[in-house]
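Take a look at the structure below.
Quick note: the coordinates plus some simple rules give every number you see, no bench work behind them. Values in this document were obtained by computation on a predicted structure and should not be read as measured data. Glycine also receives a Cβ, built like all others from the backbone with ideal geometry; neighbour counts cover every protein chain displayed.
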Amino acid sequence: MVFWAEGDLYREFLKIINTRAIQITCICLVSMLICQIIKFVILTIRNKKFVWKYMFITGGFPSSHSCLCLTLTTSLFLFQMHDINGLDWSFAVAVVLSLITLHDAMGVRLEASKHAVILNNLVKDVPIEEKEALGFGKKGFLKELLGHKAFEVFGGAILGMLLGISGYFILVSFI
């Protein structure tokens with residue numbers, strides 16, 4: 001008895017899937033890098049100070065989490081429509097992951113940012129040793145830039161869609 005999974009057609013199908021997975025992963029990683037570079041440039045111009053830490057910061061405009069998720073969802077949609085003329089379950093997973101990420105960036109993480117600001121103000125006169133014991137870290141304050149405003153998430157989402165579309169057309173056209 002010969003199964004379809006043992007044939008040449010299946011091997012070709014797996015080759016396409018593996019190639020697409022690598023391509024989509026590369027598009028997403030480049031997208032995240034571009035988003036962080038944009039955030040770095042914006043923060044450098046706004047603060048009139050060149051600080052490498054801005055390249056790795058969370059929060060701010062545009063949201064790199066939103067950008068990454070929407071790049072994944074968009075490029076997955078386009079490649080599946082191109083390769084199989086439809087969508088499979090992985091697209092549904094990407095949509096749900098994106099919705100969770102967008103909601104979390106504006107909800108939980110934004111509220112955690114607000115709480116960090118309040119807590120930092122409450123303990124500003126507390127000695128550094130006591131702050132460290134309470135979990136405020138070696139510098140004596142909590143990180144405040146965690147979440148995003150709706151505009152920042154929307155900007156990251158739009159950027160992610162544009163980069164997903166661009167990556168798709170670059171790969172389909174030239175490779």
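Neighbour counting of Cβ atoms within 10 Å sorts the residues TYR168, TYR54, fewest neighbours leading, into TYR54, TYR168. By the beta-carbon count within 10 Å of each Cβ, the least crowded to most crowded order of ASP8, ASP83, fewest first, is ASP8, ASP83. Placing unit charges on each Cβ (+1 for Lys and Arg, -1 for Asp and Glu) gives the range 67-126 a dipole about its Cα centre, and among LEU70, SER98, VAL126 the Cα reaching farthest toward its positive end belongs to VAL126.
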